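Here is the structure we will look at, set down as structure tokens.
Laboratory data are not the source of any read-out in this text; all were calculated from the coordinates shown. Since we're looking at a predicted model, the values are computed, not measured. We place every Cβ from the backbone using ideal geometry, glycine too, and count neighbours over all the protein chains shown.
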């Protein structure tokens, strides 16, 4: 795995953060054009992305891998990847719930979720490149662990003091280390021929965590649980990053 892969993925985080910070463009403009134009715009954007990828990197099989036997599926690493996606997602959902309840009186609005999404998305975008450089210098695994541990530390502080915008920005900086390192972390744990299975397992854990969260916690979450639960979830993610062996 190239050491610069977290830095390369930071550009994906940068683009995603900038677009996520302004969802109104899709909600008020593109969708207002009607279903025909909305699907047409989506199709042309996907075609342009596919053309760009094909132009920059042709899908060819490396010569040295053509004669290799297909390696066995590392089911143990797949389980750690799945749990990593689930634990990080649960921690994020609990944390967003707690921040929303705490910041609602400060912003004096019922739409605090949209404001938080904008702030965190912009923070993720602007901290993506520094996080990518950091992961390249110190190693992806260490950068991810540093981001998770710093996030846990800030969550513990929020139990004793109300969160401010600066604290949210620091949490977003820690999340950049986690987000930028997730895909490189998966590729490091999976042998050739099976990286797609590892990425699918990660997002499978993500989707299951979102589904279970909405089903189990339908009656609301207390403030203390909103801060203790994400710390425990991120601690589980730390174990999932430390225990598996690279392929």
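So how far apart, in nm, are the two label points at residue 224 and residue 56 if each is 7 Å from Cα heading toward Cβ?
4.9
Taking R0 as 41 Å, what's the FRET efficiency between residue 38 and residue 160 from their Cβ-Cβ distance, rounded to 0.05? Present the calculation step by step, with values, prior to reporting the outcome.
On the way: r = 47 Å, r/R0 = 1.14.
It comes out at approximately 0.30.
First measure r as the distance between the Cβ atoms of residue 232 and residue 4, then evaluate 1/(1 + (r/R0)^6) with R0 = 51 Å and state the FRET efficiency to the nearest 0.05.
Working: r = 33 Å, r/R0 = 0.65.
With a Förster radius of 51 Å, E is 0.95.
Under a crude label model (7 Å from the Cα following the beta-carbon direction), how far is residue 11 from residue 215 in nanometres?
4.0
Would you kindly state how much longer the chain becomes between residue 29 and residue 72 on full extension, computed as 0.36 nm times their sequence separation minus their alpha carbon distance, in nm to one decimal? Could you put the intermediate results ahead of the total?
Values: separation 43, 0.36 × 43 = 15.48 nm, distance 4.83 nm.
Extending this stretch completely gives an extra 10.6 nm.
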